[in-house]
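Read the structure below first, then the notes.
The values are calculated or read from the model by the stated rules, or taken from the named source; none is laboratory data. Every value quoted in this text rests on a predicted model; they were computed, and no experiment measured them. Note that each Cβ is placed from the backbone with ideal geometry, even for glycine, and that neighbours are counted across all protein chains shown.
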Amino acid sequence: MKKLFSNIKGDAFGGITAGIVALPLALAFGVSSGLGPSAGLYGAIFISFFAALFGGTNTQISGPTAPMTAVSMIIIAGIIAANDGDVSKALPAILTVFLLAGLFQIGLGLIGLGKYIRYIPYPVVSGFMTAIGVIILLTQILPSLGYYPKEDIVFVETFKPQAEEVILENILKEEAGEGILVLENFEETIKRAENIAPEDILKESQTLAAKETSGALGAIKAIPRALQNINLLELLLALGTIFIIYGFKRITTKIPSTLVALVVVSGIAVGFGLDYRTIQEIPSGIPTIKWEIFSGFSLNSISPYIFTALTLSLLGAIDSLLTSVVADNMTKTKHKPNKELVGQGIGNSIAALFGGLPGAGATIRTVVNINAGGKTKISGMIAGIMLLVIMLGLGPIASKIPAAVLAGILITVGIGVMDYKGLKAIPSLPKDMKLGPIKLSSEVLIMIVVLILSTFWNLVYAVGIGLVIASLMFMKKIGDLTAERSDVKSLKEESWPDEGQFPINLKEEVFIKHIKGPLFFGSTSDFQALSLQIPNTAKTVIMRLGRMQYMDQSGLYAMEDMLQDLKTKNVEVLFVNLLKQPRYMMERIDIIPDFIPKEHIFKSFEECIIWVKRNIKDTV
């Protein structure tokens, strides 16, 4: 307990800062999800507090994130559509799915799945994150233009014939459920059809219009109509928000530019009495448990979404553990992956009970927390409490925030979440496969497949397909390489025979590391621990790479990160017997010669020893 409160000042400042940064994002994610800003706030409050309390990453700040919100948005839209567009009717089923996702996460942690997340290859993650950015951008174009399909009377009118068909189908289903033989009691059907009110047809038409324009593909279809019906004020508010977010960062990064944009643009809209569209009202009281999750529970309404809940939990696990790795790199600590999954599951389960959106570890908020001084679990708990205090004290004021401001914030989130590192690497990656007459990179193919399928079809299935393709391609490459090097047997971690002639007096200054086997997405975690093995006395590292036949994109970036880390410690790196494929990969992104000059690459260990004797002195 004493250790927990050992950094209370830094944790308090880190938690408060992270909470303030989380506020506009929580509101924006809540609005974009379809459940309203309060759902985003509740998710941020409860997940941040309980994931920190029970999780395995001391500095992690959790809450609704772009990937989790993008998937939740699709789930919410589907369940609402299945409940005739009635959000209150659909809410118990929606929250039950979120609760199940949290419980599944707890289960994943208890069975020890956390350690297997590292096997997700970089191109799959890259394609997925870029797709999240594209989805957010496309879905926020309409609100940033001030266009809402459900309110476009001309557009809604086109769905009336289809709405009448849906209502008639529902009548027939009701009659079948009541045991009425439709053909024998056709008068009953006519009687019920005559009682259909115009309001019912209009409501169903609006539901169909919203469904037609939901998701990335729906947004693209609606853009032409949106451009014909631009609300200039809403567009200016959104553009002003985007301008301040990017512009203020050039002045200072100490104050969150997102928060500045939220306050400034909202202040202008309210101060000048502009006729703008506000977000939904935020409740100002203490959050209460949504008992309808249990009272309105129906196995039939939930059973189609059990797999969806499982996939949502897996996404949250991946999202959180990737952020945990970032936190580890910044704090030089080691998180506990399975404990982190349990903590995230508890946070998501409790958030669902109170009507909150599901979430995960949030990279930007975690980085802000660490930079502001947060070091223990207290910082994440304080971030959650901070958001609760803001909600209770400023709920009525926050309800006046323009919807276009949150659309502008989300557009910058969409731009920021894309994986530009992976996109920039596309032209330089080796074209190692043929698709008909076209030569292309297998890594790029995986990235593009995941990107396209995630954006226009299904996020979760896209990741699964990407993993299958990556696994098959990796097996083929390793099979080919194994056939070429079939006479090579595995070696124990010990000195190789030719190292007996290495100068004894330099063994404190020079550290020799053997890389035995391919450096790929499944082995990067162990490779990243290399810098921790190097003794403090070592000023030079010799990496013997003659048995590293293959390096994929994940391994390439792991190597780059390790070399960057060693460079900051002024440790010189020498390569011995670097093979053709890994060398080609490293030359494409300038690891050679930026980190490893060509004169530091030796064909044999004997040549390397000659260089060492000439250039390294015994200082210990």
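Looking only at the stretch 382-391, decide whether some residue is touching a strand residue (DSSP E or B) at 6+ places or on another chain (Cβ under 7 Å), surrounded by fewer than 22 Cβ atoms within 10 Å (Cβ to Cβ) and over 29 Å from residue 121 (Cα atoms). No, every residue in the stretch 382-391 fails to be touching a strand residue (DSSP E or B) at 6+ places or on another chain (Cβ under 7 Å), surrounded by fewer than 22 Cβ atoms within 10 Å (Cβ to Cβ) and over 29 Å from residue 121 (Cα atoms). With a requirement of 1 or more residues that are under 27 Å from residue 520 (Cβ atoms) and at pLDDT below 90, the helices (runs of 4 or more DSSP H) lying completely within the stretch 85-157 that satisfy it span 122-144. One residue alone among 290, 400, 339 is basic (Lys, Arg), farther than 27 Å from residue 7 by Cα and touching a Phe, Trp or Tyr at 6+ places or on another chain (Cβ under 8 Å), and that residue is 290. Among helices (runs of 4 or more DSSP H) entirely within the stretch 324-429, having at least 3 residues that are touching a helix residue (DSSP H, G or I) at 6+ places or on another chain (Cβ under 6 Å) singles out 337-353, 363-371, 377-398, 403-417. Between 566, 532, 556, 545, the distinction of being surrounded by fewer than 17 Cβ atoms within 10 Å (Cβ to Cβ) and not small (Gly, Ala, Ser) belongs to 532 only. Restricting attention to the stretch 116-154, the residues that are aromatic (Phe, Trp, Tyr) and touching a helix residue (DSSP H, G or I) at 6+ places or on another chain (Cβ under 6 Å) total 3. Within the stretch 56-65, can one find any residue that is in a helix (DSSP H, G or I) and either more than 20 Å from residue 281 (Cα to Cα) or polar (S, T, N, Q) (or both)? Scanning the stretch 56-65 turns up no residue that is in a helix (DSSP H, G or I) and either more than 20 Å from residue 281 (Cα to Cα) or polar (S, T, N, Q) (or both).
Kindly establish whether residue 537 is under 25 Å from the mean Cα position of the chain (by Cα) and hydroxyl-bearing (Ser, Thr, Tyr).
Considered against the rule, which asks whether it is under 25 Å from the mean Cα position of the chain (by Cα) and hydroxyl-bearing (Ser, Thr, Tyr), residue 537 comes out as no.
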